Amino acid sequence: GVSFQSSNVFPGLSNGVYTITVQDENGCTATAEATISVNSLQVGVDIQTQISCNGGSDGEIVVTASGGQAPYQYSLNGGADQNSNVFSNLSAGTYTVRVTDNDGLTVLSSQVILNNPAAIVVAATAITNDIVVNASGGTGTLEYSLDGGAYQTGNQFSNQPNGTYAVT
């Protein structure tokens, strides 16, 4: 049997498809369907890894989804859906993630920006038997290597014999 109530309001129902049956005093009935689809999805996006070098594509963002009905699908900038909440190998740019839950409800994240670090600009000058390097840009402290040797924090290579050198 079906339990009837005198009120036409059914509070506190969760998402789903419901069949409503109405009955009059003679026992005649009619039915209708109602779908409750309240989007309770929430999404957060965090930068896991910034781009390490100018022009690189090693950035990574991680998406956190909650609410709605798991499992979730994730789409980066309108691309194909994927099961993973991690997007890797990203270059500098602005990204938005769409999350879709198992009920087909969606939510868009706020934008997250992966920045391109400044390019390293380098110039080397030979003075007598010394090589002096002037460099700027990059991220953090710069280190210098002469012809693939060990890196050093100082920008001068002293007492070098005549020749052609590569500074990295």
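General remarks:
- Applying the set (1) assigned to a strand (DSSP E or B); (2) in contact (Cβ under 8 Å) with a residue 12 or more places away in the chain; (3) farther than 21 Å from Q42 by Cβ to T125 leaves exactly one unmet item: (2).
- In region 66-101, the residues that are in a strand (DSSP E or B), in contact (Cβ under 8 Å) with a residue 40 or more places away in the chain and not β-branched (V, I, T): Y95
- Restricting region 139-168 to residues that are in contact (Cβ under 8 Å) with a residue 24 or more places away in the chain and of a type outside the set (S, T, N, Q), the residue that is surrounded by the fewest Cβ atoms within 10 Å (Cβ to Cβ) is P161.
- All of (1) open to solvent by less than 60 Å² (accessible area, probe 1.4 Å); (2) among the polar types (S, T, N, Q); (3) touching a Ser or Thr at 6+ places or on another chain (Cβ under 7 Å) hold for S66 with one exception: (3).
- Single unsatisfied condition, I120 versus (1) surrounded by 12 or more Cβ atoms within 10 Å (Cβ to Cβ); (2) under 24 Å from the mean Cα position of the chain (by Cα): (2)
- Only listed residue being of a type outside the set (F, W, Y) and either touching a helix residue (DSSP H, G or I) at 6+ places or on another chain (Cβ under 7 Å) or part of a strand (DSSP E or B) (or both), chosen from V38, V17, V2, V9: V17
- Exactly one residue out of G12, G16, G44, G55 is free of Cβ contacts under 8 Å to residues at least 12 places away in the same chain and loosely packed, with under 15 Cβ neighbours inside 10 Å, and it is G12.
The values are calculated or read from the model by the stated rules, or taken from the named source; none is laboratory data. Only a predicted model underlies this, so the values are computations on that prediction, with no experimental measurement involved. As a convention, Cβ positions derive from the backbone with ideal geometry for all residues, glycine included, and neighbour counts pool all protein chains shown. Just so you know, the surface numbers come from the protein's heavy atoms only, side chains and all, with ligands and any DNA or RNA stripped out. Shrake-Rupley method; radii C 1.70, N 1.55, O 1.52, S 1.80 Å.
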